[in-house]
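The values are calculated or read from the model by the stated rules, or taken from the named source; none is laboratory data. None of these values were measured; they are calculated from a predicted model. In this analysis, Cβ positions are derived from the backbone assuming ideal geometry, glycine residues included, and neighbour counts consider all displayed protein chains.
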Amino acid sequence: MARSVVVERHYIDRDYRDTFSQFHSKRFSTPDSRCVRLHFFDAPIGRDSMQDQDTLQPHYLGYSIIRPTRPNCIGRTLVKPESRPSARGSTCLCREAVSIQGTELKIEGFPFISQDADVTVCAQAALWMVARYFSDRYPIYRETYPVQIGTLTRDYSVGRLFPSSGLYVWQLAEALRRLGFAPLLYSRDQYSQDPTENKGARLNYSGTLGILSKLHKR
């Protein structure tokens with residue numbers, strides 16, 4: 001759906017800066033410390049419109065950070081769910097405000113970050129996305145950066161922290177607990193595999209709603 005892309009060069013991304021200062025800068029082959037931020041619009045946007053919030057806001061689809069960590073270069077990303085018409089299901093949304101040449105734009109979506117094969121591998125990336133959603137939406141949760149995610153299980157680590165080889169399920173639960181959540185672990189073997197019952201799916205759905213309903217009551 002994007003018909004225009006605004007390129008913001010030499011962008012200092014707070015998540016990549018955290019990874020760079022505590023990991024990449026200590027490597028023998030050091031990548032650049034700056035990123036590129038791409039802003040997507042669903043209509044043609046000219047340079048003369050960059051200061052016009054009323055023109056930009058209705059067409060803003062979101063942004064994506066491009067890290068200098070090839071080939072896994074997609075960093076912090078937030079785009080409108082409507083930009084993917086084929087996507088199905090429900091999406092938890094949080095709101096962010098971004099600035100393009102001093103013009104503030106708002107965007108709602110779910111935070112995404114790709115794996116970089118060093119600090120944010122599969123488990124850490126998933127934890128970051130959950131933590132960033134809650135910190136963006138609810139002020140009671142603090143903003144957590146990639147290296148901080150990785151060090152949450154430092155006392156229970158198996159092998160070296162970085163580059164990471166991933167986390168076990170119990171390590172994921174411990175990391176969530178230290179972020180202020182109260183996770184429960186369920187085994188698929190506990191529930192019937194009969195597709196007509198699908199107790200596991202119902203448990204997951206009702207459990208998610210239960211957490212969100214308590215947060216809204218706060």
*modelled with pLDDT under 95, under 20 Å from PHE112 (Cα atoms) and either of a type in the set (Asp, Glu) or touching a strand residue (DSSP E or B) at 6+ places or on another chain (Cβ under 9 Å) (or both), is that true of GLY62?*
no
For this session: Report yes if LEU105 is touching a helix residue (DSSP H, G or I) at 6+ places or on another chain (Cβ under 6 Å) and part of a strand (DSSP E or B), otherwise no.
Result: yes
*For the range 50-64, indicate whether the set of residues that are more than 21 Å from LYS80 (Cα to Cα) and buried (at least 17 other Cβ atoms within 10 Å of the Cβ) is non-empty.*
no
Over the range 1-59, the set of residues among the polar types (S, T, N, Q) and farther than 16 Å from GLU104 by Cβ is SER4, THR19, SER21, GLN22, SER25, SER29, THR30, SER33
Over the range 167-188, the set of residues of a type in the set (S, T, N, Q) and modelled with pLDDT of 80 or more is GLN171
Reported set for the range 78-124 where residues are under 14 Å from the mean Cα position of the chain (by Cα), within 25 Å of LEU56 (Cβ to Cβ) and of a type in the set (D, E, K, R) is LYS80, ARG95, GLU96, GLU108
Residue set PHE28, PHE41; condition modelled with pLDDT of 95 or more, over 24 Å from SER135 (Cα atoms) and out of contact with any Pro (no Cβ under 9 Å at 6 or more places or on another chain); output residue PHE41
Of the listed residues (TYR63, TYR133, TYR138), the one being touching a residue at least 40 places away in the same chain (Cβ under 8 Å) and within 20 Å of LEU167 (Cβ to Cβ) is TYR133
Within the range 125-140, residues being assigned to a loop (DSSP other than H, G, I, E, B) and closer than 26 Å to LEU61 by Cα number 2
Restricted to the range 9-49 and to residues being acidic (Asp, Glu) and surrounded by 17 or more Cβ atoms within 10 Å (Cβ to Cβ), the residue farthest from VAL79 (Cα to Cα) is ASP18
